[in-house]
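Structure record follows, encoded as structure tokens.
Bear in mind that the values in this text are calculations on the coordinates, not laboratory data. What you see is a predicted model; the values in this text were computed from it and never measured. Cβ coordinates were reconstructed from backbone atoms using ideal geometry, including for glycine residues, and neighbour counts include every protein chain displayed.
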Amino acid sequence: MDDFKIKNEAGEDAYSAVGKFFTIGKKLNIYEGTNLNASPVARIEQRLMTLTTRFGIIIRSQHVTDMVRKITVFSNDYRLDGW
């Protein structure tokens with residue numbers, strides 16, 4: 001998983017996303033701005049033992065929703081549960 005920046009409408013770096021390696025399942029921490037020493041404002045974690053690819057979205061230590069991969073042949077489409 002790569003590290004990357006999330007930009008706002010003005011093209012400025014608003015968030016930094018940092019992937020965690022050497023974990024069971026994919027994990028991504030999202031930090032406000034470029035300060036990686038602060039606590040993450042959100043986390044995205046792969047849920048294991050599911051029939052389809054599923055990621056939990058956690059914002060400020062509260063599980064908000066799951067992002068679920070739709071079963072398609074030629075594309076990677078995801079949906080948010082409950083939205």
* Formal net charge of residues neighbouring residue 70 (Cβ-Cβ distance under 10 Å; K, R +1; D, E -1) -> +1
* **Electrostatic dipole magnitude of region 4-80 [Cβ: Lys, Arg +1; Asp, Glu -1; Cα centre; debye, to 20]** => 380
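Give, as a single signed number, the net charge of other residues whose beta carbon lies under 13 Å from the beta carbon of residue 81, with Lys and Arg counted +1 and Asp and Glu -1.
+4
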* When Lys and Arg each count +1 and Asp and Glu each count -1, what net charge do the other residues less than 12 Å away from residue 27, Cβ to Cβ, add up to? -> +3
* Asked: Loop-only check: which GluC sites (Glu not before Pro) in region 4-66 are DSSP coil with at most 11 other Cβ within 10 angstrom?
  -> 9, 12
* Take the alpha carbon gyration tensor of the chain, find the square roots of its eigenvalues, order them as a ≥ b ≥ c, and report rounded if a/c is under 1.5; if not, report prolate when a/b exceeds b/c, else oblate. => prolate
* Structure fact -> Neighbour-count ranking for 23, 53 (other C-beta within 10 angstrom, fewest to most) reads 23, 53
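What percent do you get for the relative contact order of the chain when only Cα pairs under 8 Å and 6+ apart count?
15
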